[in-house]
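> What follows is a single structure, and I will ask about it in a moment.
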Amino acid sequence: MVVSGADSLTLADGTSHPTGFWAEEVVESVRVLRAAGIEVTVATPGGVVPTVDKASLDGTFDDAVESLEDLRAPAVLESVQAADFDAIHLPGGHGPMADLASDEALGALLADFHDSGKVVAALCHGPAGLLAAVRADGSFVFAGKEMTAFSDEEERQGGLNVPYSVAGRLAELGARLTPGEPWSSTVVVDGTLVTGQNPQSTVATATRVAELLYPSST
């Protein structure tokens, strides 16, 4: 599970907005995957301790974030080898827009997972990390793939003046975006690529990942 190490996002007007990972998306994804018997390793760029987006703390997941030891000592993303894992999962929060979207180590890792037929999953703003998966010849690893991401309408309703549209950039690179209704639990599976649209899709996304990895566990 690759979690953003960013703690701020530069908005379209040039101002800095505090951000990080979205509590529910990390906590619930880890819970569902481990309940299915899947080992989870959390990694961040540079192995930095990730920052939780305070907007995602409403008393529901606060204690779970504090008690999740994986977040206090994450693995170093640059040292992760695809051969050691069966799947890669990118949860959201606006953080991935700031760092994962241009992370070369992540891009190379995603290409390795894709090329070896392993599961790649991304949730909410996590698909921003998929933007990093561009090959040396300029081609997008996930071109032609059907997927979803936090939609422009959800972004509009959320009211944050984000610097770019995640869904829009993915579409520009050749992905086929199929958004569901705003704030609905929407999961799109295209082969071994699993994408979820928003926090409401967290459990369903992790469940689909578990089903692809170990059908008998679910």
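The values are calculated or read from the model by the stated rules, or taken from the named source; none is laboratory data. The structure presented is a predicted model; accordingly, all values stated were derived computationally and were not measured. Virtual Cβ from ideal backbone geometry, glycine too; neighbours counted across all protein chains shown. For the accessible areas, the whole protein counts, side chains as well, though only heavy atoms, and no ligand, DNA or RNA atoms are used. Shrake-Rupley method; radii C 1.70, N 1.55, O 1.52, S 1.80 Å.
> Tally the residues that are touching a residue at least 12 places away in the same chain (Cβ under 8 Å) and over 18 Å from residue 130 (Cα atoms), restricting the search to segment 160-185.
Residues in segment 160-185 being touching a residue at least 12 places away in the same chain (Cβ under 8 Å) and over 18 Å from residue 130 (Cα atoms): 7 in total.
> Just to verify a result, which residue in segment 4-20, among those that are open to solvent by less than 70 Å² (accessible area, probe 1.4 Å) and in contact with a strand residue (DSSP E or B) (Cβ under 6 Å, 6 or more places away or on another chain), is nearest to residue 96 (Cα to Cα)?
Among residues in segment 4-20 that are open to solvent by less than 70 Å² (accessible area, probe 1.4 Å) and in contact with a strand residue (DSSP E or B) (Cβ under 6 Å, 6 or more places away or on another chain), the one nearest to residue 96 (Cα to Cα) is 4.
> While we're looking at this one, here's another question. Counting only residues that are acidic (Asp, Glu) and in a loop (DSSP other than H, G, I, E, B), how many does segment 161-176 have?
Matching residues across segment 161-176 total 0.
> Here is a further query. Could we say that residue 167 is within 16 Å of the chain's Cα centre (by Cα) and open to solvent by 10 Å² or more (accessible area, probe 1.4 Å) here?
yes
> Look through 86, 112 and report the one residue that is within 22 Å of residue 201 (Cα to Cα), in contact (Cβ under 8 Å) with a residue 12 or more places away in the chain and open to solvent by 50 Å² or more (accessible area, probe 1.4 Å).
The match here is 86.
> Looking at (1) touching a Ser or Thr at 6+ places or on another chain (Cβ under 8 Å); (2) open to solvent by less than 10 Å² (accessible area, probe 1.4 Å); (3) outside any strand (DSSP E or B), can you tell me which one residue 179 breaks?
Evaluating residue 179 over (1) touching a Ser or Thr at 6+ places or on another chain (Cβ under 8 Å); (2) open to solvent by less than 10 Å² (accessible area, probe 1.4 Å); (3) outside any strand (DSSP E or B) leaves (2) as the failure.
> Pairs please, first residue from segment 8-26 and without any contact (Cβ under 8 Å) to a residue 40 or more places away in the chain, second anywhere and in a strand (DSSP E or B), Cβ atoms under 7 Å, 6+ apart in sequence or on different chains.
Pairs found: 16/8; 16/10; 18/8.
> Right, here's the next one. Residue 129 fails exactly one of the following numbered conditions: (1) farther than 19 Å from residue 209 by Cβ; (2) within 16 Å of the chain's Cα centre (by Cα). What is the number of that condition?
Failed condition: (1).
> Please enumerate the residues belonging to segment 188-208 that are open to solvent by less than 40 Å² (accessible area, probe 1.4 Å) and more than 13 Å from the chain's Cα centre (by Cα). Lay out the reasoning, then the answer.
Of segment 188-208, the ones open to solvent by less than 40 Å² (accessible area, probe 1.4 Å) are 188, 190, 193-199, 201-202, 204-206.
Listed by number, the residues that qualify are 188, 190, 204.
> Using beta carbons and a limit of 6 Å, which pairs, at least six apart or on different chains, have the first residue in segment 91-109 and open to solvent by 10 Å² or more (accessible area, probe 1.4 Å) and the second one hydroxyl-bearing (Ser, Thr, Tyr)?
These pairs meet every condition: 94/19; 99/4.
> Here is a follow-up. What number of residues within segment 134-164 satisfy the criterion of being touching a strand residue (DSSP E or B) at 6+ places or on another chain (Cβ under 8 Å), closer than 20 Å to residue 25 by Cβ and either surrounded by fewer than 22 Cβ atoms within 10 Å (Cβ to Cβ) or of a type in the set (A, V, I, L, M) (or both)?
Residues that pass the stated criteria total 4.
> Scan 128, 149 and give me the residue that is within 22 Å of residue 61 (Cβ to Cβ) and in contact with a Lys or Arg (Cβ under 9 Å, 6 or more places away or on another chain).
Being within 22 Å of residue 61 (Cβ to Cβ) and in contact with a Lys or Arg (Cβ under 9 Å, 6 or more places away or on another chain) holds for just one of 128, 149, which is 128.
> Based on what the data block shows, is residue 185 hydroxyl-bearing (Ser, Thr, Tyr), open to solvent by 20 Å² or more (accessible area, probe 1.4 Å) and modelled with pLDDT of 95 or more?
yes
> Taking into account only those residues within segment 21-48 that are of a type in the set (Gly, Ala, Ser) and part of a loop (DSSP other than H, G, I, E, B), which is least open to solvent (accessible area, probe 1.4 Å)? Please lay out each step first, then the result.
So the first thing to find is which residues in segment 21-48 are of a type in the set (Gly, Ala, Ser), and the list is 23, 29, 35-37, 43, 46-47.
Going one step further and asking which of them are part of a loop (DSSP other than H, G, I, E, B), we end up with 36-37.
Values: 36: 18, 37: 61 Å².
Step by step, filter segment 21-48, then rank; the result is 36.
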